[in-house]
Every structure is written in C-alpha cells, then in structure tokens.
1. Consider the range 1-39. How many of its residues are buried (at least 19 other Cβ atoms within 10 Å of the Cβ), in a loop (DSSP other than H, G, I, E, B) and at pLDDT 95 or above?
2. Considering only residues that are in a helix (DSSP H, G or I) and farther than 11 Å from Tyr72 by Cβ, which ones fall in the range 40-59?
3. Please enumerate the residues belonging to the range 15-45 that are more than 17 Å from Lys71 (Cβ to Cβ) and aliphatic (A, V, I, L, M).
4. Identify the single condition in (1) part of a helix (DSSP H, G or I); (2) modelled with pLDDT of 95 or more that Lys67 does not satisfy, given that it satisfies every other one.
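The values are calculated or read from the model by the stated rules, or taken from the named source; none is laboratory data. Quick caveat: nothing in here was measured; it's all calculated off a predicted structure. Cβ: placed from backbone, ideal geometry, glycine included. Neighbour counts: every protein chain shown.
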Amino acid sequence: MLLVASPGCVNGGGKVKDAIVNVLGNEWPLSLKEIYFAVVRDYSLSVSQQAVHKALKKLVENKVLAKHERKYCLNLKWIREIKQFGTNLEEAYTQPVEGFLQSRTRVFSPNSTIQLKKIQPIVYESK
C-alpha cells in the first residue's frame, strides 16, 4: 500500500483518505458504496459510510478526486502533479550535497557499491 501525504489529505482522516486514494488507484470509477466496502474490506478500517463520504467530499474539494454522476476517480491533474513531485524529488536527491556523502565516502564511478557502518550497501546508478 502506498501512503501518500497528498495535497489536501493531511487535515485529519488521513488513513481513510489514503485508503480511498489507493482503492481508486486500482479500480475506477467507483460509487460511494463501492469505495466504502473496499476501504473496510481491503484496509480493515472500522469506519462509517458517512466518514468515507466526508473524506470523499474533502478529496474532491481539494481536487485529488474527480466526481461524475455519483462515481469517483483520481483527478488526472493531481496524478500529474504527484508524478512531477516524484521527478523533482528524484532529481534533487541524486544531486551531490556538499558535506553530506563526501565526508563519508570517496568519489565513486557509476554502478559502484559502497558499504557504510551498520548500513546496507548503497548502489549508485547512472542515469
């Protein structure tokens, strides 16, 4: 299960909202009832249908979900924003940070493996 502290998902009810996003990431479009049963069945959450409805309304309000004729799906614009966030994060984390790894390692070529104390090996991959 992917837990995403997504825009609009952090003001309470996070577990229910995360479960809803995950349910709709696997199957869409779904009605409130279908989402409710999936959340209870697949995520073992003890939650009311009213609580799921409240979370759905908040996710639609925050443009994480789209609603059409009583069915919900993930908002494609939100998916693209999450994708861009991941790309930006990956780029930021693959850039050298002065004083971070340099103080513990020597310069390594692409695909080199290093071993740090009490830490699993880190494999550097070339782009």
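1. Residues flagged as buried (at least 19 other Cβ atoms within 10 Å of the Cβ), in a loop (DSSP other than H, G, I, E, B) and at pLDDT 95 or above within the range 1-39 amount to 0.
2. Across the range 40-59, the qualifying residues are Val40, Arg41, Asp42, Tyr43, Gln49, Gln50, Ala51, Lys54, Lys58.
3. Result: Val16, Ala19, Val40, Leu45.
4. Of (1) part of a helix (DSSP H, G or I); (2) modelled with pLDDT of 95 or more, only one is false for Lys67: (1).
Yes/no matrix, rows are residues, columns are (1) more than 17 Å from the chain's Cα centre (by Cα); (2) touching a residue at least 24 places away in the same chain (Cβ under 8 Å); (3) closer than 28 Å to Lys33 by Cβ:
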| position | (1), (2), (3) |
| --- | --- |
| Val47 | yes, yes, yes |
| Val52 | yes, yes, yes |
| Lys57 | yes, no, yes |
| Leu65 | no, yes, yes |
| Glu69 | yes, no, yes |
| Asn75 | no, no, yes |
| Ile82 | no, yes, yes |
| Thr87 | no, no, no |
| Glu91 | yes, no, no |
